Amino acid sequence: MSVRKTLSLDKLTVSFDGFKALNDLTLQVDPGELRCIIGPNGAGKTTMMDVITGKTRPDSGTATFGSDLNLLSMSEPEIAQAGIGRKFQKPTVFERLTVFENLELALAGDKSFFHTLFARRTPKQDKRIYEVLEIIGLTTQHQTEAGTLAHGQKQWLEIGMLMMQEPELLLVDEPVAGMTPQEIERTAELLLSLAGEHSVVVVEHDMDFVRSIAKRVTVLHEGHVIAEGDMDKVQKDPRVIEVYLGA
Amino acid sequence: MANYTLWISARRDTGTGWFLGSLALIVIAVAVLNQAVPASSSLHVGAYGLTLVGKYLCYALLALAVDLIWGYCGILSLGHAAFFSLGGYAMGMYLMRQIGTRGVYGDPILPDFMVFLNYKSLPWFWHGFNHFAFALAMMMVVPAALALLFGWFAFRSRVTGVYLSIITQALTYALMLAFFRNDMGFGGNNGFTDFKDILGFDLHSDKVRVVLLVITGIVLAVSYLICRAIVSSRAGRVLRAIRDAESRTRFLGYRVATYKTWVFVISAVLAGIAGALYVPQIGIINPSEFSPINSIEVVIWVAVGGRGTLYGAAAGALLVNYAKTYFTSSIPEAWNYALGALFVLVTLFLPRGIVGLVSGRARKLKNAEPLPAQAKQQEPVSK
């Protein structure tokens, strides 16, 4: 092994009542890489994210973050603190807090009760929040309750919250669902700008979008990786064609 | 947008100002009408009035405790009367030991009920309660310990929503049954009563009652400010985040169970203090204080006043209890129906409670001026 991986999943298996949501799944993500994961419904994409973030425990296999962090023995907050951020399929922002407060809560740092009870934002943190507001294009709405934002803006706010966490790895579940073409384009720019500094894993159904951002694509089917490589190669793969066009 | 920020904080301060102002007014007015107005005058407030207002203020503090966890963190406790009663019992134990030889049986150590039940010596957990400082500590430590234990198990196991509410209800019910038992050493069915004095001052004198009332008012005001500081802090915003999207908060790296446990403990301590202030003014504590209906009533006060505002909870406690006093003396059999109807109506038509109604009016008036959303350039929000 020459290059250190950001994320290594090895032979992960998860079954729900006999149904194997993940079946011997092996996947590696390099530092700074932007990886797209595609697959039909039920392919195990969301389950994979659940395992990585500690929401679901696998029956067997290993999941390692960085060189030696065993994700399977950590709780959700521990994993988040270690540097894995997640954006959910359905945009989940804190609707009754303002845009600014949403970003503030996502700030990296000590998140214990007694720390946040007395915490004051430093000028540096304020600056960072305004930078992110600028990037996600919500500067003028920063005092708006997040619940009143448009759908696309909520998606961006959630990506902004991921950026505030300064994670090494970002997991992004269907970022462009329900977006207009302009919004999709901006989201693509946003994700591309994040890669390099962070590793980004995007799960998406929208093939045009995947083609526009992905260098490497992994195809999941029935909880297993059936193809991996650049978009053109993957699209020519007979198994992928079979899975997508159906028998 | 700066206007918007200012407007929000101004509105918040208005609520706080109104609350603390009215509280001071009520306490001072009642104290003056008792002490300075002769008993022959129709304006005179007697001992009954004094204790009544004192009782309302204790209830307001209890409502504040419930609003802190329910309004801001979504924890619907239907068992807060348990913490209130534990605080009350701790105070009661001190007051019982103050009676000394003035009891019916004249035993210098054992309270009357122990002599009556043939206790030979003081149970171990009664030791120390002859010291006020120790009792004072126990009024807070006992509710806190129970809340910590309960919260530790319930919140770590991610028990939420209606299941959590049912467990809290079971908790207070179990305690009620336990305290009803004579062999528990807490006076069984009768609880504690016939208190004589507190720190050497006669509990039956109006002066002492006024002092207790003033202390209750001050404790309520300080507790309000502490709660306000908590909900305005970043931790307070985390609590609201937990209330609205618990698992999202977890994925941001917050230990939700720890947050819930601590705020539950703080709330239990406030409830315990409320109970401790209640007992010397009312003059009795017995196991019926633990009864499940009491905890449910607190939730109704908070809902009626307006949850998630703090002052709404306190106002709701005062209003509903005033109504209760009034109705239970004029048409007692109708009260429970009225209370139930009030809860249903408020839930259906006033989701933000009476406070929401008032501030909604205020906002309509303000909207005659330029809308806050139309204000242009923003500045960094100062915390």
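Any read-out appearing in this document is the output of simple, stated calculations on the displayed coordinates, not a laboratory observation. Because the structure is a prediction, the values reported are computed rather than measured. Positions of Cβ are backbone-derived with ideal geometry, glycine not excepted, and every protein chain shown enters the neighbour counts.
Worth a mention:
- Put the Cα centre of region B:286-309 next to the Cα centre of region A:174-247 and the gap is 53 Å.
- In summary, the aspartates and glutamates within cross-link reach of B:LYS324, defined as a Cα separation below 12 angstrom excluding same-chain residues under 8 places away, comprise B:GLU297, B:GLU333.
- The tail of the calculated P(r) for region A:7-245 beyond 30 Å holds 26 percent of all Cα-Cα pairs.
- Inter-label distance for B:TRP152 and B:TYR322, nm, one decimal - labels placed 7 Å from Cα along Cα-to-Cβ: 4.3 nm
- For region B:45-96 versus region A:52-91, the gap between their alpha-carbon centres in whole angstrom: 43 Å
- One decimal place: the segment A:SER112-A:THR56 gains 17.8 nm when fully extended, by the rule 0.36 nm per residue minus the C-alpha distance.
- For region B:137-292, the alpha carbon convex hull comes to 124 Å³ per residue, rounded to a whole number.
- Relative to the dominant Cα principal axis of chain B, helix B:234-244 is inclined by about 80°.
- Filter on A:LYS11/A:LYS215; A:LYS45/A:LYS233; A:LYS11/B:LYS260; A:LYS45/A:LYS154; A:LYS20/A:LYS233 - keep pairs with C-alpha separation over 32 Å: A:LYS11/B:LYS260
- If the segment from B:LEU342 to B:ILE218 were pulled out straight at 0.36 nm per residue, it would be longer than the present Cα-Cα gap by 41.7 nm.
- Packing-based exposure ordering (other Cβ within 10 Å, fewest first) of A:ASP173, B:ASP107, A:ASP230: A:ASP230, B:ASP107, A:ASP173
- With a cut-off of 12 Å between beta carbons, the residues surrounding B:ALA274 carry a summed charge of 0, where Lys and Arg count +1 and Asp and Glu -1.
- Tensor-based shape of region B:2-374 (alpha-carbon gyration tensor, a/c under 1.5 rounded, otherwise prolate or oblate): oblate
- Most mobile of B:TRP124, B:TRP301, B:TRP18 in a GNM of chain B (Cα contacts under 10 Å): B:TRP124
- In plain terms, the residue of A:ARG35, B:ARG156, A:ARG216 with the fewest other Cβ atoms within 10 Å comes first and the most crowded comes last, giving B:ARG156, A:ARG216, A:ARG35.
- Of B:ASN294, B:GLY92, B:SER223, farthest towards positive along the dipole that unit charges on Lys, Arg, Asp, Glu beta carbons give region B:2-374: B:SER223
- Computed from backbone phi with θ = phi - 60° and the Karplus coefficients 6.51, -1.76 and 1.60, the 3J(HN,Hα) list for region B:169-183 is 5, 5, 4, 5, 5, 4, 5, 4, 4, 5, 6, 5, 6, 5, 7 Hz; x is used for glycine and proline.
- Stokes-Einstein D for region A:101-202, Kirkwood Rh over Cα pairs, 4 °C, 1.567 mPa s (µm²/s): 90 µm²/s
- Overall form of region B:35-102 per C-alpha gyration tensor (a/c, 1.5; a/b vs b/c): oblate
- Equivalent-ellipsoid semi-axes of the protein assembly as shown, from the Cα gyration tensor, Å, largest first: 57, 29, 20
- Folded to 0 to 90 degrees: helix A:151-164 orientation relative to chain A principal axis, Cα: 80 degrees
- Candidate cross-link partners of A:LYS124 among the lysines, defined by an alpha-carbon separation under 17 Å and a same-chain spacing of 8 or more, comprise B:LYS383.
- Centroid-to-centroid separation of region A:8-37 and region B:193-213 [C-alpha atoms, Å]: 70 Å
- Taking Cβ atoms as reference points and 15 Å as the exclusive limit, the residues near B:ILE167 contribute a net charge of +3, counting Lys and Arg as +1 and Asp and Glu as -1.
- Helix axis angle, B:311-330 relative to chain B longest principal axis, alpha carbon, degrees: 50 degrees
- Arranged from fewest to most other beta-carbon atoms within 10 Å of their beta carbon, B:ILE75, A:ILE184 become A:ILE184, B:ILE75.
- Based on C-alpha pairs under 8 angstrom that are at least 6 apart in sequence, region B:2-374 has a relative contact order of 31 percent.
- Based on DSSP H segments of at least four residues, each scored -39500 (n - 2.57), chain A has a per-residue ellipticity at 222 nm of -10500 deg cm²/dmol.
- Spatially proximal aspartates and glutamates relative to B:LYS207 (Cα-Cα < 19 Å; intrachain offsets below 8 disregarded): B:ASP194, B:ASP197
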